[in-house]
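Reading through the structure tokens given below for one structure.
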Amino acid sequence: MRTLPVRGLSARAPLARGLTVALIAAFALPIAGCARSKAGTDLPYVARDVGTLYTSAKTRLDQGRYKEAAALFDEVERQHPYSVWARRAQLMGAFSYYLARDYTAAIQGAQRFLSVHPGNRDAPYAYYLVALSYYEQISDVTRDQKITTQAQDSLGELVRRYPNTRYAADARLKLDLVRDHLAGKEMEVGRFYERRRQWLSATMRFRKVIDEYQTTTHAPEALMRLTETYLALGVRGEAEKAAAVLGANYPGSDWYERAYKLMREYPSTPIAPLAPGAQVVPPGTRTTTVAGEATSSVPAKADAPNAVTPATTGGDPTGTLPPDTTSPANTPNPTSSTPLS
């Protein structure tokens, strides 16, 4: 038995199939958008008014969904670049990246805001956001301190440009902590050289702390270490100066007591003056020559005793050195709240 075809069925089939595909695509678009948003990539372009975009971004920021908020703030700038909300969204996006601990993106966003709007009233906060992003990345003194130097430069620029703002007040406090951290790095390297009895290299590090970071908490120890290394080098006059400066500025500190004890344990030994007519170079020495010219005199027999140097144990002879608690990475951040709404 032959089945008769239904009239018009073949003509309506392509139309139904097309509607089905269109509906599936329409429902799949929001799902794909959410997936891209959670993955951290760019959002698909969906035209929305500036109010809806900014409100959505602010809502996600209040909910703690910082990555999504930053992406939506960037979308405000992308879709409405000439709106008054675009400028505000640009800085809010950088702040959202900062809260998400994506400090590189936060620095880039704040610097882009400053390059486009250098005279904006929110420029001090953009400088402050850059400095905070560097500040939060400071590592301990055993690691490279390039980030610490960048934080110091950024904080100093904020204080120099906007000294009377509330951000500058907090920047000055953090700048002192950063300088103390850099001084701690120099002390760490100096103690490393001292443990290996490389006195000159250790002296240069401790001297740098006194010259560049004398207002930090590491200055008393640096003066005591200079006393040690100068005595080890045989430069007693410089050791006495370092101990005298230590006693004048920190008379009741443990570091001064240790330096004073060290100076008493290794007193100076005066050298007897030469008798009239005595030879400066004792007999029995041989003179080395280079190209026919005398350059040095070396005793024929090395009968001089070894130089006495102060005993050190790598920077902490007593083992009672307090731990370093001046790392700025562990200090609270009292003013990191957003100034915008």
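Odds and ends about this structure:
- Residues that are assigned to a helix (DSSP H, G or I), hydroxyl-bearing (S, T, Y), modelled with pLDDT of 95 or more and surrounded by fewer than 21 Cβ atoms within 10 Å (Cβ to Cβ) occur in the stretch 198-211; there is at least one.
- Taken as a whole, the stretch 60-83 holds no residue that is at pLDDT below 90, in contact with a helix residue (DSSP H, G or I) (Cβ under 9 Å, 6 or more places away or on another chain) and of a type in the set (F, W, Y).
- Some residue of the stretch 102-121 being over 20 Å from Y167 (Cα atoms) and either among the basic types (K, R) or assigned to a loop (DSSP other than H, G, I, E, B) (or both): yes
- Any chance T149 is farther than 26 Å from G93 by Cβ, out of contact with any Lys or Arg (no Cβ under 9 Å at 6 or more places or on another chain) and assigned to a helix (DSSP H, G or I): yes
- Single condition P163 does not satisfy, out of (1) in contact with a helix residue (DSSP H, G or I) (Cβ under 6 Å, 6 or more places away or on another chain); (2) in a loop (DSSP other than H, G, I, E, B); (3) not small (G, A, S): (1)
- Verdict on Q137 being over 22 Å from Q90 (Cα atoms), of a type outside the set (A, V, I, L, M, F, W, C), in a helix (DSSP H, G or I) and within 10 Å of the chain's Cα centre (by Cα): no
The values are calculated or read from the model by the stated rules, or taken from the named source; none is laboratory data. The model shown is predicted, which means the values in this text are computed figures rather than measured ones. A quick note on method: Cβ atoms are made from the backbone with ideal geometry, for glycine too, and the neighbour counts reach across all protein chains shown.
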